[in-house]
């Protein structure tokens, strides 16, 4: 369950040739271009590679799959490896389909939760420089196109986010989430295609015959 909600921090799109050399580029030069991409984004699909490290177990799990997004509130994640699993988000409803178990788990998706921040960023509902303190990333992988995002409002789980922007497209091509419990997840996006005309129907879950639908228990008021 953790991998699904840690997912997704972004594929934003805008092509804008830079007039600055790499050494002159500052976060303030990049963020407006990245943010502007939200305005033109109607839908997006991409392949992804994900690695999630669970500190308590000293293990790293690798996933691959495909992401589909339609502004503002539709998202589908198709996990292909190590096992198949589909995640549908439409408005405030979330459905997780587990084909190996012939089950679909239905629940409520709250955009106010920290775990849902990626969807708000992808759909353009979040403004980067308002929600994050943005700094150049440091360390061995530092580059003018790698940025560190620190939440302005302290979060119980999320400590910081590191992103790398493709200098030719201003798409976010790599992302790493750092949790306060020392867990981390990294994502690499590829084959990104925007505004291809994804239909609403492609985000509708139709349960195959024999699928058990598990719904959340709602307390009696």
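Which of (1) crowded, with 16+ Cβ neighbours inside 10 Å; (2) at pLDDT below 80 is the odd one out, the single condition residue 104 does not satisfy?
Answer for residue 104: the failing condition is (2).
On the given criteria, is residue 140 assigned to a loop (DSSP other than H, G, I, E, B), at negative phi and free of Cβ contacts under 8 Å to residues at least 40 places away in the same chain?
Details: assigned to a loop (DSSP other than H, G, I, E, B): yes; at negative phi: yes; free of Cβ contacts under 8 Å to residues at least 40 places away in the same chain: yes.
Criteria met by residue 140.
Are there any pairs, at least 6 apart or on different chains, whose C-beta atoms fall under 7 Å, with the first in segment 198-212 and touching a residue at least 40 places away in the same chain (Cβ under 8 Å) and the second assigned to a loop (DSSP other than H, G, I, E, B) and surrounded by fewer than 14 Cβ atoms within 10 Å (Cβ to Cβ), and if so, which?
The qualifying pairs are 210/102; 211/102; 212/102.
Considering only segment 73-90, I want to know if a residue exists there that is out of contact with any strand residue (DSSP E or B) (no Cβ under 8 Å at 6 or more places or on another chain), modelled with pLDDT under 90 and not in a strand (DSSP E or B).
No, that holds for no residue.
For the subset of segment 126-149 comprising residues that are touching a strand residue (DSSP E or B) at 6+ places or on another chain (Cβ under 7 Å) and within 24 Å of residue 72 (Cα to Cα), which member is surrounded by the fewest Cβ atoms within 10 Å (Cβ to Cβ)?
131
With (1) touching a helix residue (DSSP H, G or I) at 6+ places or on another chain (Cβ under 7 Å); (2) at pLDDT below 90 as the list, and residue 59 as the residue in question, which single condition is left unmet?
(1)
Quick one: residue 29 ticks every box in (1) in a strand (DSSP E or B); (2) exposed (fewer than 15 other Cβ atoms within 10 Å of the Cβ) bar one, so which box is it?
(1)
Of all residues in segment 179-215, count the ones that are touching a strand residue (DSSP E or B) at 6+ places or on another chain (Cβ under 6 Å) and in a helix (DSSP H, G or I).
Residues flagged as touching a strand residue (DSSP E or B) at 6+ places or on another chain (Cβ under 6 Å) and in a helix (DSSP H, G or I) within segment 179-215 amount to 1.
Among (1) in contact with a strand residue (DSSP E or B) (Cβ under 9 Å, 6 or more places away or on another chain); (2) closer than 27 Å to residue 42 by Cβ, which single condition is residue 157 missing?
Condition not satisfied by residue 157: (2).
The values are calculated or read from the model by the stated rules, or taken from the named source; none is laboratory data. Keep in mind that what you see is a predicted model, and the values were worked out from it rather than measured. When we count neighbours, we look across all protein chains shown, and the Cβ atoms used for this are built from the backbone with ideal geometry, even at glycine.
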